[in-house]
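Each remark here refers to the structure printed beneath this line.
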Amino acid sequence: MNLPISPSQTETRKADHLRICLEEDVQFRETTSGLDRYRFTHCCLPEIDRTSIDLTSIFLGKRLGAPLLISSMTGGTELAQTINYRLADVAQKYKLAMGVGSQRIAIENPQLGATFAVRDRAPDILLFANIGAVQLNYNFGLEQCQRIIDLLEADALILHLNPLQECVQTEGDTNFKGLLDKIAKLCGELAVPVIAKEVGNGISAAMAKKLLAAGVAAIDVAGAGGTSWAKIEGERAKDAKQRRLGATFADWGIPTAECIVGVRKVSSEVPLIASGGLQNGLDAAKALALGADVAGLARPFLQAAAQSVSALEMLVEVLIAEIATAMFCTGCANLYELKHSGVLETLR
């Protein structure tokens, strides 16, 4: 007889994160993504056929139908499984990239691995496994990373960097000492590319340079301006000190637009994902014009996925239409032209 398994601390935290993201106000209040400081130069005579606009691109060797990433969000609970399945179904239909939430829980409790395993539903998508880089200081290594990659049949591994979240989280892991060397070693040992990703506080140009030197193959800047993980962890904290920390650092971070510009100064070639506070396809188009290769969104996808597959499909179609409209109204027939035609101007 199989006895019921009581929820682990990690599983309870996963459920808390999902509930808080869906039900509470956890957005940055004062800090924006920085994309509001830019606007497109309108072209009244585009001289192109809107129906011929090409949104396809290649990222880490796979073709995308549109330059969109369903950013890493969840896994480890029954609701998370439903959400991941819906996200995967839609990613497959529209040929989008997708990341899953941190898979640490799948190592701690292999029975929960199925809540992440979406490859059967999305055989062709660009799919990212995900683990916190700090776990390399807490008994995770090559073997555990390979297991989560194999579980997903993933095309790449995201190592997420979240020092602020871990500080505010009551049970947070805060030993980040020596991680860069461990990341470099892992990059040299894994057969798939490693993506360095923040969780909403941004990657600076200086840190991007160090991560690239360590062997990271791509960067997701995940800048400030969207969901504040300091607020989320403060919301679920049981003690006054941690709640105060969450409130104090709720708007901490580097705006996404600044991160994109900074990373591109370090490298014009690194595959670059822009996420953090993107709310619609116009934000995505601005991020792409600034130099990103792919635009990532999380909370809008999460909210739609919690409703239905049809709500998700509507969201994707709206996002694609918004990107295409921005391109049409700036006279850009493809993503290369959007990046290189100088159609984005800084507001004074």
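The values are calculated or read from the model by the stated rules, or taken from the named source; none is laboratory data. Small disclaimer: the values here were computed from a predicted structure and weren't measured. All Cβ positions, glycine included, derive from the backbone under ideal geometry; neighbour counts span all protein chains shown.
Out of the residues in segment 202-220 that are of a type outside the set (Val, Ile, Thr) and crowded, with 24+ Cβ neighbours inside 10 Å, state the one that is nearest to ALA292 (Cα to Cα). Before you say what the answer is, go through the steps one by one.
Step one: filter segment 202-220 for residues of a type outside the set (Val, Ile, Thr), giving 202, 204-215, 217-218, 220.
Within this subset, residues satisfying the condition of being crowded, with 24+ Cβ neighbours inside 10 Å are 202, 211, 220.
Numbers: GLY202: 14, LEU211: 17, ASP220: 9 Å.
Checked segment 202-220; the qualifying residue nearest to ALA292 (Cα to Cα) is ASP220.
So that you can scan it fast, the table gives a plain yes or no per residue for (1) out of contact with any strand residue (DSSP E or B) (no Cβ under 7 Å at 6 or more places or on another chain); (2) modelled with pLDDT of 95 or more:
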site: SER204; (1), (2): yes, yes
site: ASP220; (1), (2): no, yes
site: ILE232; (1), (2): yes, no
site: ASP239; (1), (2): yes, no
site: CYS259; (1), (2): yes, yes
site: SER268; (1), (2): yes, yes
site: LEU272; (1), (2): no, yes
site: LEU282; (1), (2): yes, yes
site: ALA287; (1), (2): no, yes
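Kindly check whether there is at least one residue in segment 78-87 that is within 24 Å of LEU344 (Cβ to Cβ), surrounded by fewer than 15 Cβ atoms within 10 Å (Cβ to Cβ) and in contact with a helix residue (DSSP H, G or I) (Cβ under 8 Å, 6 or more places away or on another chain). Working first, answer last.
Start the filter on segment 78-87 by keeping residues that are within 24 Å of LEU344 (Cβ to Cβ), which leaves none.
The answer is no; no qualifying residue exists.
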- Please specify each residue of segment 153-179 satisfying the condition of being touching a residue at least 40 places away in the same chain (Cβ under 8 Å), touching a Gly at 6+ places or on another chain (Cβ under 9 Å) and part of a helix (DSSP H, G or I). LEU164, GLN165, VAL168
- Item | Residues that are more than 9 Å from LYS286 (Cβ to Cβ), surrounded by 14 or more Cβ atoms within 10 Å (Cβ to Cβ) and either among the hydroxyl-bearing types (Ser, Thr, Tyr) or over 28 Å from the mean Cα position of the chain (by Cα) (or both), drawn from segment 34-48 | CYS43, PRO46, ILE48
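Is segment 110-132 home to any residue that is of a type in the set (Phe, Trp, Tyr), part of a helix (DSSP H, G or I) and touching a residue at least 12 places away in the same chain (Cβ under 8 Å)? Before you say what the answer is, go through the steps one by one.
At the first step, the residues of segment 110-132 found to be of a type in the set (Phe, Trp, Tyr) are 116, 128.
Still in the list and also part of a helix (DSSP H, G or I): none.
No - not one qualifying residue is present in segment 110-132.
Would it be correct to say that LEU136 is touching a Pro at 6+ places or on another chain (Cβ under 9 Å), surrounded by fewer than 24 Cβ atoms within 10 Å (Cβ to Cβ) and of a type in the set (A, V, I, L, M)?
On the way: touching a Pro at 6+ places or on another chain (Cβ under 9 Å): no; surrounded by fewer than 24 Cβ atoms within 10 Å (Cβ to Cβ): yes; of a type in the set (A, V, I, L, M): yes.
Here the answer is no, as LEU136 does not meet what is asked.
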- Counting only strands (runs of 3 or more DSSP E) wholly inside segment 1-89, the ones holding at least 2 residues that are of a type in the set (A, V, I, L, M) are 68-70
- Task: Working carefully through the options ILE219, ILE203, ILE195, find the one that is assigned to a strand (DSSP E or B), touching a residue at least 60 places away in the same chain (Cβ under 8 Å) and touching a Leu at 6+ places or on another chain (Cβ under 8 Å).
- Result: ILE195
- Note on the structure: For segment 321-348, pairs from a residue that is more than 16 Å from LEU45 (Cα to Cα) and part of a loop (DSSP other than H, G, I, E, B) to a residue that is at pLDDT 95 or above and among the hydroxyl-bearing types (Ser, Thr, Tyr), with Cβ under 9 Å and 6 or more apart or across chains, are GLY342/THR41; LEU347/TYR38
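Please state which one of ALA311, ALA324, ALA289 is surrounded by fewer than 24 Cβ atoms within 10 Å (Cβ to Cβ), touching a helix residue (DSSP H, G or I) at 6+ places or on another chain (Cβ under 9 Å), farther than 30 Å from GLY75 by Cβ and of a type in the set (A, V, I, L, M, F, W, C). Break it down into steps so the answer makes sense when it comes.
Details: ALA311 fails: farther than 30 Å from GLY75 by Cβ; ALA289 fails: surrounded by fewer than 24 Cβ atoms within 10 Å (Cβ to Cβ).
Checking each option against the conditions leaves just ALA324.
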